[in-house]
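Report on the following structure.
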Amino acid sequence: MEHDIQRAQSLADKAERVLVITGAGISAESGVPTFRTAGGLWNNIDPAKVATPEAFAADPAFVWRWYDERRVQLKEVQPNPAHHALARLEAAKGDQFFLLTQNVDDLHERAGSRRLAHIHGKIWEVRCTREKTVREDFRAPLPEIPPRCPHCGALERPNVVWFGEMIDQDAAQATELFLSRCEVNLILVIGTESSFGYILDWAMRTRGKPDSLIEINPGDTALSPYVDLHLKGKAGEILPRIVPER
Ligand code: OAD
């Protein structure tokens, strides 16, 4: 493991252009529950009941209460050393760095990340179901459930991607642009099961190039068979060693 961490550090140091993909596991050490692992959100509730357009149409207040609870939880937590390490990596690489997160929390931003996109939306944004306008609302708990658009009075929904919906198109485009503009030397995939095809596709974009795909995850995932280096451990312990404070 020690040797692998040193190898990863050297690869991250040398790489001219880096794409990072994160999932729920990077926020786990901040105290945010993951989805599919032990104690995960989808083990306690059927996603069809809270994370689909049909669930929202049937009972918007029920869906909102679930999201409100998560917003209240997220208000209490702080970025962990893994988020901070990625902000340092971005500071070192500048425009040659891009972060694609599946997380709806804002822990990357709060650690200082700026060149990033949320492929599954953002939990602190709400969207008018009639006008489609998006506004930020950091109040948790929300004073009124379900919230209503301040302009037209229509129902608002969380600005997150639900099952059966399209991923955020701006985020997808930004990721494609980063991958196609210049050759990416290193892709780091952290804390995700990589259970969606588009995540696997992006993660494997450098396939065939030696030493170009690193995974940080205590467990095996759909991506693991394809990676050049699998650092089996917690992101908050491993990443600060790959991107140390100078
Ligand atoms: P999952 O819950 O599916 O996977 C979390 C991953 O994090 C697992 O592979 C864990 O082994 C790993 N993990 C746990 N603790 C970790 C730690 N301290 N350091 C590193 N890794 C750790 O979450 P995602 O793959 O992010 O989408 O799930 C993807 C999407 O599925 C979510 O964005 C959400 C969900 O349905 C939507 O809601 C659309």
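Once the Cα gyration tensor of region 132-246 is found, what semi-axes does its equivalent ellipsoid get, as square roots of 5 times the eigenvalues, in whole Å, sorted largest first?
35, 19, 14
Compute the relative contact order of region 28-93 as a whole-number percentage, counting only Cα pairs closer than 8 Å that sit 6 or more residues apart in sequence.
Relative contact order for region 28-93 comes out at 29 percent.
Hey, can you grab everything whose amide H is under 5 Å from the amide H of residue 190? Only 5+ residues off in sequence or another chain; H modelled, so Pro and N-termini drop out.
When sequence neighbours closer than 5 places are left aside, the close amide H contacts are 21, 22, 23, 216.
Over 28 Å between Cα atoms, which of 14/234; 49/234; 49/132; 49/122; 122/209 qualify?
In this structure, 49/234; 122/209 exceed 28 Å between Cα atoms.
Using a Gaussian network model of the chain with C-alpha springs under 10 Å, which one of 100, 142, 86 is most mobile by mean-square fluctuation?
Residue with maximal mean-square fluctuation among 100, 142, 86: 142.
How high is the relative contact order of region 1-129? Use alpha-carbon pairs under 8 Å, at least six apart in sequence, and give a whole percent.
Answer for region 1-129 is 27 percent.
Filter the GluC sites (Glu not before Pro) in region 1-52 to those in DSSP coil with at most 16 other Cβ atoms within 10 Å of their Cβ, and list the result.
16
Averaging over every viewing direction, what projected area does the convex hull of the Cα atoms of the chain cover, in nm²?
Reported value for the Cα convex hull: 13.1 nm².
Determine, for each peptide in 17-28, 87-98, 125-136, the mean count of other beta carbons within 10 angstrom over its residues, then list the peptides with the highest first.
17-28, 87-98, 125-136
Looking at region 203-246, which GluC sites (Glu not before Pro) are in a loop (DSSP not H, G, I, E or B) and have at most 13 other Cβ atoms within 10 Å?
Listed in order of number, the matching sites are 245.
Calculate the all-directions average of the projected area of region 118-176's alpha-carbon convex hull, and give it in nm².
Its average projected convex-hull area is 4.5 nm².
Quick one: in region 42-92, what % of C-alpha pairs are over 18 Å apart?
52
Report the calculated FRET efficiency for residue 200 and residue 1 (r = Cβ-Cβ distance, R0 = 25 Å), to the nearest 0.05.
0.50
With contacts defined as alpha carbon pairs under 8 Å and 6 or more residues apart, what's the relative contact order of the chain in percent?
Across the chain, relative contact order equals 26 percent.
Here, each number is a calculation from the coordinates, and none is a lab measurement. All values derive from a computational prediction rather than experimental measurement. Because the Cβ atoms are built from the backbone with ideal geometry, glycine has one as well, and the counts that use them run over all protein chains shown.
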